[in-house]
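Everything on this sheet refers to the single structure shown next.
The values are calculated or read from the model by the stated rules, or taken from the named source; none is laboratory data. Quantities reported herein were computed from a predicted structural model and do not represent experimental measurements. Cβ coordinates were reconstructed from backbone atoms using ideal geometry, including for glycine residues, and neighbour counts include every protein chain displayed. When the accessible area is computed, the model is the full protein with side chains, heavy atoms only, and any ligands, DNA or RNA have been set aside. Shrake-Rupley method; radii C 1.70, N 1.55, O 1.52, S 1.80 Å.
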Amino acid sequence: MSNIVVIGTQWGDEGKGKIVDLLSEKSEIIVRFQGGHNAGHTLVIGSNEYKLSLLPSGIIRKKKISIIGNGVVVDLLHLCKEINELIARDISITSKNLKLSENCFLILPIHKYIDELREGIKNSAEKIGTTGRGIGPAYEDKVGRRGLRIADLKNKVFFEKKMRALYQFYNIWIAGSGFKKRNYKKDLQLIFESYQKVQPYVCNTWLELNKYIKAEKKILFEGAQGTFLDVDHGTYPYVTSSNTISGNATIGSGVGPNLISYVLGITKAYTTRVGNGPFPTEEKGNLGKKLAKVGKEIGTVTGRKRRCGWFDAVLIKKAVIISGVSGLALTKLDVLDGFDEIKICYAYKLNGKQIDFLPLNEDEQKILIPVYKSLPGWQSNTFGIKKFEDLPDKAVAFVKEIEKLVMCSIDIISTGPDRLHTIVLNKFLS
Ligand code: IMP
């Protein structure tokens, strides 16, 4: 048994796509279990770059089965677009290699509209900085027990009734806030047209997964976003609306926790965040700009510039504990090549007192002052290095320091965007 869960340990954009792609070589099945098309994965394969947001990374590879599990919220219009774009690039997508859970909740056009309206009326301090794709409202409807699922599309009359009721529910707020109400009829048509296109992929994915498990196929669970965007454990309310930590791999797919053998936490050698919210090690000046420029820190989905700062070991220590991380993949090490000093945050000062954990209160999170350990930069080229022995001593010291502070081994080091630019240190993963 070697089923692996891959999660982000920061605020997303840690480089999960590349690592999932690398590990998918040894796995037959790749499963998305939460989030929606707010996720952004960039895969570089040879000279081709693929940007995915809803489809599992395995879709690019031949002979892999990609599953969109029940925990994912699905915008059918977007899904059709993403599938068509890949087909146009000669990627084969059939009912054999793509399976879409019929109990996925739908993101409807009204969810996107509500997401944008709500963000639009907030003042700049209140804005979450969502991706504007309707993720939050769709998950709200799920737990509010008024959501619509793919399975509901089997009965058009029933679906229309539920959709009309949902639009009425939102239109009360929309009209009351002075905005233009949304009529469900055109949207209904669009949803049904998209449904016809994706219908071949729709199935009962937990049953399918169970069959694969019995046949001893290897499964890779691909998390989206990151630990500190988790709705329970993140920097609430500046979070996404799903659980992004490893535990959700089982809920969002219908696979029991006893079947997970390894949890890989992906962590960048520095920290980035898109959207608003606390970010203790953020560097707002030239240093942050340099990290952003060298690391090409632009959001895959929204094209927004990412906020950048130093590595925060306090956060990663928590991520390791709450996800039961077996090992870490340290990505973008090469981005730090040109820095003469490299800092790692190992504690915070809160109102003059030193603490080594992230407080849960929003106001306290905003006023944390990072306490740093300073390390000398290696100032040499690590881009594309494939062997640990070839890393400069100072880079090795940086890796070792992180392992000590976060109390977890670094099992993979990524030194560039291509899957070949990787050092795999744990035999289990190679
Ligand atoms: P939402 O998921 O669109 O509701 O956005 C909520 C927060 O999560 C915002 O700060 C987004 O920028 C952030 N977010 C959502 N998806 C991603 C992602 O894939 N990478 C990084 N940040 C994300």
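Residues in the range 201-211 that are surrounded by 18 or more Cβ atoms within 10 Å (Cβ to Cβ) and not polar (S, T, N, Q): TYR201, VAL202, LEU209.
The criterion of being of a type outside the set (Ser, Thr, Tyr), within 13 Å of GLY12 (Cα to Cα) and open to solvent by 20 Å² or more (accessible area, probe 1.4 Å) holds for ASN243. Does the range 18-30 include one or more residues that are near the ligand (Cβ under 9 Å from one of its atoms), open to solvent by less than 20 Å² (accessible area, probe 1.4 Å) and touching a residue at least 12 places away in the same chain (Cβ under 8 Å)? For the range 18-30, residues near the ligand (Cβ under 9 Å from one of its atoms), open to solvent by less than 20 Å² (accessible area, probe 1.4 Å) and touching a residue at least 12 places away in the same chain (Cβ under 8 Å): absent. Go through the residues of the range 37-59 one by one and say whether even a single one is over 17 Å from the mean Cα position of the chain (by Cα) and either under 25 Å from TYR238 (Cα atoms) or open to solvent by less than 20 Å² (accessible area, probe 1.4 Å) (or both). Taking every residue of the range 37-59 in turn, none turns out to be over 17 Å from the mean Cα position of the chain (by Cα) and either under 25 Å from TYR238 (Cα atoms) or open to solvent by less than 20 Å² (accessible area, probe 1.4 Å) (or both).
For the range 302-334, the set of residues classified as under 21 Å from VAL44 (Cβ atoms), open to solvent by 10 Å² or more (accessible area, probe 1.4 Å) and assigned to a helix (DSSP H, G or I) consists of ASP334 only. Across the range 372-422, which residue is surrounded by the most Cβ atoms within 10 Å (Cβ to Cβ) among those that are among the hydrophobic types (A, V, I, L, M, F, W, C) and touching a Lys or Arg at 6+ places or on another chain (Cβ under 6 Å)? For the range 372-422, the residue satisfying everything is VAL406. Being under 15 Å from the mean Cα position of the chain (by Cα) and open to solvent by 40 Å² or more (accessible area, probe 1.4 Å), is that true of even one residue in the range 272-292? Taking every residue of the range 272-292 in turn, none turns out to be under 15 Å from the mean Cα position of the chain (by Cα) and open to solvent by 40 Å² or more (accessible area, probe 1.4 Å). The helices (runs of 4 or more DSSP H) found wholly in the range 129-200 and carrying at least 2 residues that are surrounded by fewer than 14 Cβ atoms within 10 Å (Cβ to Cβ) and more than 16 Å from the ligand (Cβ to nearest atom) occupy 156-176, 184-198. Contact map, the range 107-127: first residue at negative phi and part of a helix (DSSP H, G or I), second residue within 10 Å of the ligand (Cβ to nearest atom) and hydrophobic (A, V, I, L, M, F, W, C), Cβ cut-off under 8 Å, separation 6 or more or different chains; pairs are HIS111/ILE135; HIS111/ALA138; ASP115/ILE135; GLU119/ILE128. Just to confirm my filter: which strands (runs of 3 or more DSSP E) fall fully inside the range 208-284 and include at least 1 residues that are within 15 Å of the ligand (Cβ to nearest atom) and under 28 Å from LYS343 (Cα atoms)? So the answer is 262-268, 271-273.
Please specify each residue of the range 6-15 satisfying the condition of being within 10 Å of the ligand (Cβ to nearest atom) and open to solvent by 10 Å² or more (accessible area, probe 1.4 Å). Hit for the range 6-15 is ASP13, nothing else.
Conditions tested, residue by residue: (1) within 19 Å of LEU358 (Cα to Cα); (2) assigned to a loop (DSSP other than H, G, I, E, B); (3) more than 24 Å from the chain's Cα centre (by Cα).
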{"residue": "SER374", "(1), (2), (3)": "no, no, yes"}
{"residue": "ASN381", "(1), (2), (3)": "no, yes, yes"}
{"residue": "ILE385", "(1), (2), (3)": "no, yes, yes"}
{"residue": "VAL396", "(1), (2), (3)": "no, no, yes"}
{"residue": "VAL399", "(1), (2), (3)": "no, no, no"}
{"residue": "GLY416", "(1), (2), (3)": "no, yes, no"}
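Of note, ILE344 satisfies the criterion of being in contact (Cβ under 8 Å) with a residue 60 or more places away in the chain, among the β-branched types (Val, Ile, Thr), not assigned by TED's automatic domain parsing to the domain that holds TYR236 and not in a helix (DSSP H, G or I). What about GLY299, is it open to solvent by less than 50 Å² (accessible area, probe 1.4 Å) and within 11 Å of the ligand (Cβ to nearest atom)? So GLY299 passes the test.
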